[in-house]
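Here the structure is laid out as structure tokens; the discussion comes afterwards.
Rule-based calculations on the coordinates, nothing more; no lab input. Owing to the predicted nature of the structure, the values given are computational and were not obtained by experimental measurement. Note that each Cβ is placed from the backbone with ideal geometry, even for glycine, and that neighbours are counted across all protein chains shown.
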Amino acid sequence: MTHLKSLAGLALGAMVAVSGLTYSGSVRASDLIINADTSAPAPKQAFQDAVDAFKKENPSINVQFNVYDHESYKQSIRNWLTSAAPDVVFWYVGNRMAQFVKPGLLEDVSSIYSDDMKKQLGPVATGLVTLDGKQYGVPYTYYQWGIYYRKDIWAKAGITSAPKTWDDLMTACTKLKAAGVEPIAIGAKDLWPTAGWFDYIDLRLNGFDFHMKLMGGQISYKDPKVLAVFAKWSELLDKGCFVKNNASTTWQESQALLYQGKAAMMLIGNFITPNFPPEAAPNMAFTPFPVIDPAVASTEEAPMDSIHIPANAKNKDNAKKFLAFLMKADVQEKINKTLLQIPVNQNAAVADDIYLKQGKALLGSAAHITQFFDRDASEDFATIGMKDFTEFMANTGRVDKVTDDMEKARKRIYGIN
């Protein structure tokens, strides 16, 4: 899932050389070239501060910190990794990392992972940068997904507490519609918001192991358990619980419906919270996605970002110093207080923010963490799948067509006969 870093600053041009230096292709042994996609204001400031602190600790290293806008970065990273690579790249954990590790494009950085550091980062985060027993990057930030809602609107509709179960959610939908409020905003025009609903329903119905096999192309989209996900989703759609014309609105436009009191809730990542306007902020609240099957262990969506060393980088020793620096609790704490996200290092404190504290507690108690549909699945498949989700939301009667299309794509993209 790549939405967080695309929230702002995408019109800043193809590249901004934050340090005032650009990559000339000629480097010295003391150089460190870092390519990042942190062009939005908060990430840009967070990592400029981090780079400045690293330079202060390592004055002999000439750091070149190049910041690209998010979309051009995605288009360029494979070219960098296969040709004239920088020394450090920003990317993602899990499947997105593995797609570069398997062809040998990322460096093994296991040497910077002491037993103590593995404990500080925790088994889940360490596992997400581990392949075949080796570590290939450093995770530094993540954030929770869940339902953000208007307490005042719910109270007026007679809803006294956040939904704990699927039946609670259905009841809330009924009461909100009776009160003349659209229950759920989504912003399906952006495609990825639809995937949050598919992921969570599948995780709550079928559990982590099934979900990850599905994301890995090992399970058919015609499987009865997958069809059960669409059937459960249909219960909300057929009841009219989502805002009308949601396929024509972006997530930014949809969040405005919450602030205007025209919609009551939204399933989305914690990156929404800095956008709460002063007049709406006191009435906003967060709750985890409700339970569907109590026997299924809890899994939460928590996209995690990371940094890596290209296999053909020229200054790997300096790059490892930078990755080791970004592992440290105090460094991650400072970065994430600027980002308003959760540091991966468990010894780092979160910012004094109610949503971050709720998120850290939620993720700390979860049995499993996933990365979101468009990171856990193949990138090519995810693009097709999210379009199909949008088609399904427009007409649940198309479920056979949608699952047929996804199954054909699964077989083609994952090489299944």
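With each run of n ≥ 4 DSSP H residues scored as -39500 (n - 2.57), what mean residue ellipticity at 222 nm is computed for the chain after dividing by its residue count and rounding to the nearest 500 deg cm²/dmol? The partial results should precede the final answer.
Details: 16 runs with 187 residues, N = 417.
About -14000 deg cm²/dmol.
So for D353, D305, D108, fewest C-beta neighbours within 10 Å to most, what's the order? If you can, show how the numbers build up before the last one.
Details: D353 16, D305 24, D108 13.
Result, fewest neighbours first: D108, D353, D305.
Give, rounded to the nearest 20 debye, the magnitude of the charge dipole that region 350-417 has about its Cα centre when Lys and Arg contribute +1 at Cβ and Asp and Glu contribute -1 at Cβ.
On the way: 10 positive and 12 negative charges, 27 e Å.
Magnitude of the dipole: close to 120 debye.
Along region 311-328, what does the Karplus equation 6.51 cos²θ - 1.76 cosθ + 1.60 (θ = phi - 60°) give for ³J(HN,Hα), rounded to whole Hz, x for Gly and Pro?
Here the 3J(HN,Hα) series is 4, 9, 5, 8, 10, 5, 4, 5, 5, 5, 4, 5, 5, 5, 4, 6, 6, 5 Hz.
Hey, what do the phi angles of region 288-295 turn into as Karplus ³J(HN,Hα) couplings, whole Hz, using 6.51/-1.76/1.60 and θ = phi - 60°, x for Gly and Pro?
Working through the residues one at a time gives x, 4, x, 6, 10, 10, x, 7 Hz.
Once the Cα atoms of region 152-221 are picked out, what are the Rg and Dmax in Å?
15.5, 46
Given a cut-off of 19 Å, name the pairs among K118/K357; K55/K118; K134/K316 whose C-alpha atoms lie farther apart than that in the structure shown.
Working: K118/K357 22 Å; K55/K118 25 Å; K134/K316 17 Å.
Long pairs (Cα-Cα over 19 Å): K118/K357; K55/K118.
Can you tell me the alpha carbon radius of gyration of region 261-417 divided by the globular rule-of-thumb value 2.2 N^0.38 Å?
Numbers: Rg = 20.0 Å, N = 157, 2.2 N^0.38 = 15.0 Å.
Against the compact-globule rule of thumb, the ratio is 1.33.
Which whole-number percent of Cα pairs in the chain have a distance greater than 33 Å? Could the numbers behind the result be given before it?
On the way: 29271 of 86736 pairs.
I get 34 percent for the Cα pairs in the chain exceeding 33 Å.
Is there a pair in K189/K213; K232/K408; K44/K74; K177/K244; K164/K232 whose C-alpha atoms are over 20 Å apart, and which pairs would that be? Before the final figure, lay out each step's value.
Working: K189/K213 27 Å; K232/K408 23 Å; K44/K74 17 Å; K177/K244 12 Å; K164/K232 16 Å.
Correct reply: K189/K213; K232/K408.
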